[in-house]
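**Q** Quick one: the structure is below, and I'll ask about it shortly.
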């Protein structure tokens, strides 16, 4: 209960951090979700928070979606929502605390990240693309433009160009980590069957727990091929959600 109260105390930030003129409709949907949550109408609250998150993804909205799903007894969607909140804002302490609490109760483990995937969690996912692109163009601009426009080169120009190029190469592993980490997802249903082939009649090689992490390999019809700690197999699409909201 203490965890849920903490989340509700923070939801106002997600509302008032949006620009009313641009996101007025999203604000209205979010507020409907907040009212439904306070009234104990968790199905309606989840619909509203989900709709608000689709229109304008924000960590605060996803944190509250996770809280709502948790109150509905749906650990898988709750863990996915909190992981998506951290994808947008890795500094969101509410999402981190909720994930730790949920995993302690359910016994599921967090994703097993490689070193470059772990590095990609240090900043918001979109930040690494901006850093890589900005630093590369800075290095190119400081190297090429002075000669093209016959600008007078200062003593610090080569050093800044070298710094931009170094920052570009340093950011590449984390940028690749974002791409690799976007394939990670979470099982949404309890006892989801991991099947040998993408058919309903296929043998189930394992039963997966709600909230269990897996990597998406490819899709085929209504099934997704995933790799988990229990092996590789197929699950139905509606039983699996990827961490990347896009």
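Bear in mind that the values in this text are calculations on the coordinates, not laboratory data. Keep in mind it's a predicted model, so treat the numbers as computed, not measured. No Cβ is skipped: glycine too gets one built from the backbone with ideal geometry, and neighbour counts run over all protein chains shown.
**Q** Which residues among the stretch 48-77 fall inside the zone where the amide N is under 18 Å from a point 7 Å beyond the Cα of residue 101, along Cα→Cβ?
**A** 59-77
**Q** What translational diffusion coefficient, in µm²/s and rounded to a whole number, does the Stokes-Einstein relation yield for the stretch 41-175 at 37 °C and a viscosity of 0.692 mPa s, taking the hydrodynamic radius as the Kirkwood radius over Cα pairs?
**A** On the way: Rh = 17.5 Å.
D = 188 µm²/s.
**Q** Now for a different question. Give me 235, 63 ranked fewest to most by other Cβ atoms within 10 Å of their Cβ, as a rough exposure proxy.
**A** 235, 63
**Q** If each residue's Cβ is checked for other Cβ atoms within 10 Å, how do 130, 70, 234, 115 rank with the fewest at the top?
**A** Lowest count first: 115, 130, 70, 234.
**Q** Another question, if that's okay. Ranking 143, 61, 197 by Cβ neighbours within 10 Å, fewest first, what do you get?
**A** Taking fewest neighbouring Cβ atoms as first place, the list is 197, 143, 61.
**Q** For the stretch 184-242, what is Rg from Cα atoms divided by 2.2 N^0.38 Å, rounded to two decimals?
**A** 0.92
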